[in-house]
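Worksheet: the structure to be examined is printed underneath.
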């Protein structure tokens with residue numbers, strides 16, 4: 001809206017002189033709150049009208065004042081009939097105003113509740129998701145641990161760092177899960193590597209990689225490693241990050257022999 | 001307690017809302033003349049105008065609780081009560097019957113001007129005389145006689161939109177003249 005045009009349209013004077021319709025008046029009052037210059041124009045015209053009227057004041061007959069004071073003080077009840085004709089319009093207009101105010105308050109309150117509920121709902125959704133993820137993970141652990149076909153291989157630490165872990169090895173599906181219990185964090189260029197080892201017929205060990213992994217202190221994680229059908233032992237070594245070669249057995253951290261086979 | 005002789009508008013409103021007698025006394029002494037002039041511009045008969053003024057002040061006393069300072073000055077609020085009461089009086093059956101027995105004051109336009117000739121040329125009415133004929137007629141009909149824009153459009157045979165814009169123009173001219 002162009003407020004300058006609005007101000008010069010005559011709406012200010014019409015408002016002050018009581019010539020606007022209820023709708024126009026309501027709009028004007030809304031705009032007054034939003035545009036200080038509109039309110040300033042209203043104030044200025046009101047003052048001008050008041051000044052004009054005061055300068056042209058004509059004293060009323062002297063007995064009028066007495067009549068008024070006796071009407072408002074001594075016979076407040078008997079004057080009710082006179083007021084009745086005016087009361088309904090007042091009540092209606094204040095009722096309308098009240099309803100307008102109430103509807104605005106209602107709108108704000110519902111808006112506030114909707115916003116709060118939306119936030120609560122979002123927070124609840126988020127916590128639900130993270131709970132679901134945790135439950136899924138725990139169910140998976142639980143399934144692994146209670147499965148009769150799964151063999152547990154405890155890895156025995158081979159160094160003073162006491163790297164410990166357990167292997168859950170599913171003999172039917174060949175799935176291998178690694179539960180890290182205590183594996184010290186490695187420099188960023190190093191990774192742990194899990195190996196399955198088969199004792200060769202001529203006494204040679206045949207290692208095959210089940211995957212590289214990172215581990216930090218205080219971490220207890222189950223990692224799904226590569227499948228293996230046959231293994232006499234599992235071993236964890238420290239290798240350079242992304243190692244593609246065979247195991248560096250001098251860096252053997254822990255080792256566990258399988259009972260099966 | 002000695003009544004105060006001067007109140008700020010803010011003080012006055014607070015006291016009136018508490019139904020303070022001294023404040024109402026001051027209100028009457030201070031504003032009755034100005035409101036009486038307005039009423040006289042609509043109601044020609046001085047005795048009737050006095051009755052309207054009495055009614056207006058009784059209503060101000062009773063309705064002060066509904067006055068909302070954010071919507072305008074106290075005087076503006078009282079002015080509109082006075083104007084509406086005067087228009088209502090002019091339109092009442094008793095007033096019209098009474099007027100029929102008296103000679104009708106004709107305005108220059110040939111339309112019955114509602115004002116008493118004695119107070120015709122003061123205040124807003126005086127300002128009105130400086131407006132052109134057409135604008136003056138529109139202001140007289142809408143402000144002093146209280147006709148709606150629809151009624152004026154019908155009366156003068158002008159489209160409603162034209163009535164609205166002309167009244168707005170006429171009235172915005174008042175602002176520059178009143179200063």
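Observations
- Annotation: for a label point projected 7 angstrom from Cα along Cα→Cβ of residue A:159, residues of region A:172-188 with backbone N closer than 13 Å are A:183-188.
- Cα gyration tensor, region A:1-51 - rounded (a/c under 1.5), prolate or oblate: oblate
- Prolate/oblate/rounded call for region B:1-102, Cα gyration tensor, a/c under 1.5 rounded: prolate
- Whole-angstrom gap from region A:1-33 to region A:105-170, using each part's C-alpha centre: 62 Å
- By the count of neighbouring beta-carbon atoms within 10 Å, fewest first, B:75, B:57 end up ordered B:75, B:57.
- Site pair residue A:143 and residue A:113 shows an inter-label distance of 4.3 nm when each label is modelled 7 Å from Cα along Cα→Cβ.
- Proxy reagent accessibility, fewest Cβ within 10 Å first, across B:7, A:15: B:7, A:15
- Distance in nm between pseudo-label sites at residue A:5 and residue A:230 (7 Å out along the Cβ direction from Cα): 9.1 nm
- Neighbour counting of Cβ atoms within 10 Å sorts the residues B:130, A:258, B:169, A:244, fewest neighbours leading, into A:244, B:130, B:169, A:258.
We did not get these values from a lab; they are worked out from the coordinates using the rules stated. The model shown is predicted, which means the values in this text are computed figures rather than measured ones. Counting neighbours? That spans all protein chains shown, and the Cβs are built from the backbone with ideal geometry, glycine included.
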